[in-house]
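Have a look at the structure below, then the notes.
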Ligand code: FUB
């Protein structure tokens, strides 16, 4: 394991909490779901998420959802059940998605601390496990949960994961292997879990969740860097609660560019409204704005669900 100590600290941005008393509308994806991943595939948004609503996050299966506009969603049913693998028993958390080699890859947490990958010929599945963990419990420092995938402009894909310690590594061209000696590890400020990397122009962004998903203060912070493996410079809060409006525990996000545009979407979960908690979470989608100076505007959770159609030209273009 290589620890990258070049993680500099800058002052966080502070944006005042909203004072709106707007009535909150339900998630556009009804039900309890968390830890979303989002991509634009063949002219549609594609989302996978942890199935929530059971004690101790005990669900075993991931469902696939697609939408043309983030508002109206099609539920494709179970895309993958970790019990269908040869090695995992349950606790299916935090899926991540990639499209490469003419195939679709679903990375996932199972058994509270191992990461696997399953493969499908269609984006919504069914996915078939590759037979063994990609990151097994104890392979690296911290807890092996919350995979994320970033594919750079040169086509190389990177896997990120971790709780307590964040790790990143370039994946092999087969998308199901990596060189353990090339793993880079960081401990960003207040890092808990759910590392995510995206790129706009020459700027790379690492974002992550802070605090505990059962805390109303669960939130997202970010850093900027010059490459997919850093080094990173801390920049501050990207997304946090708006307690005045009853919006709590906004975290475990994913970011996607709308293919063919410079529009960006952040998917995240929050305590369900009404009555949610760390085991009853719901998905939301909001716009992500990049400032001219390269920093990110803090995301203010919207009252109304976002409607952002994928342009027709994006058909056939995986993001
Ligand atoms: O949903 C189960 C766990 O809760 C995830 O792995 C964490 O990121 C947190 O959201």
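Can you give me the P(r) profile for the chain? Cα pairs, bins 10 angstrom wide beginning at 0, each as a whole percent.
For the chain, the pair-distance distribution reads 6, 30, 39, 23, 3, 0.
Choose one answer from 56, 111, 69: the residue with the largest mean-square fluctuation in a GNM of the chain with alpha-carbon springs under 10 Å.
The residue with the greatest mean-square fluctuation here is 56.
So how far, in whole Å, is the C-alpha centre of segment 35-82 from the one of segment 159-190?
Segment 35-82 and segment 159-190 have Cα centres separated by 24 Å.
Exposure proxy check: 208, 264, 186 ranked by fewest other beta carbons within 10 Å?
Numbers: 208 29, 264 18, 186 24.
Arranged by neighbour count, lowest to highest, 208, 264, 186 become 264, 186, 208.
Sorting 253, 280 on the 10 Å Cβ count, fewest up front, what's the list?
With the sparsest Cβ surroundings first, the list reads 280, 253.
Placing one identical point scatterer on every Cα of segment 154-224 and ignoring solvent, what is log10 I(q)/I(0) from the Debye formula at q = 0.17, 0.21, 0.24 Å⁻¹?
For the requested q values the scattering log ratios are -0.68, -0.93, -1.08.
Using only the Cα atoms, work out Rg/Rh for segment 46-92, with Rh taken as the Kirkwood radius, to two decimals. Mind showing how you got there, number by number?
On the way: Rg = 12.2 Å, Rh = 11.6 Å.
In segment 46-92, Rg relative to Rh is 1.05.
Alpha carbon centre of segment 261-309 versus segment 221-240: separation in Å?
Spelled out, the Cα-based centre of one part sits 18 Å from the other.
Arrange 291, 233 by Cβ neighbour counts within 10 Å, fewest through most, would you?
Ordered from fewest to most neighbouring Cβ atoms within 10 Å, 291, 233 come out as 291, 233.
State, as an integer percentage, the relative contact order of the chain based on alpha-carbon contacts under 8 Å between residues 6 or more apart.
21 percent
Among rounded, prolate and oblate, which fits segment 26-119 when a ≥ b ≥ c are the square roots of the eigenvalues of its C-alpha gyration tensor, a/c under 1.5 means rounded, and a/b larger than b/c means prolate?
Here segment 26-119 falls in the oblate category.
Under the classification rounded if a/c is under 1.5, otherwise prolate if a/b is larger than b/c and oblate if not, where does segment 149-276 fall, given a ≥ b ≥ c as square roots of the Cα gyration tensor eigenvalues?
Note, shape of segment 149-276 comes out prolate.
No lab work stands behind these numbers, since they all come straight from the coordinates. As the structure is a computational prediction, the values presented were derived from the model and not from experiment. FYI the Cβ positions are ideal-geometry reconstructions off the backbone, even for glycines, and counts take in every protein chain you see.
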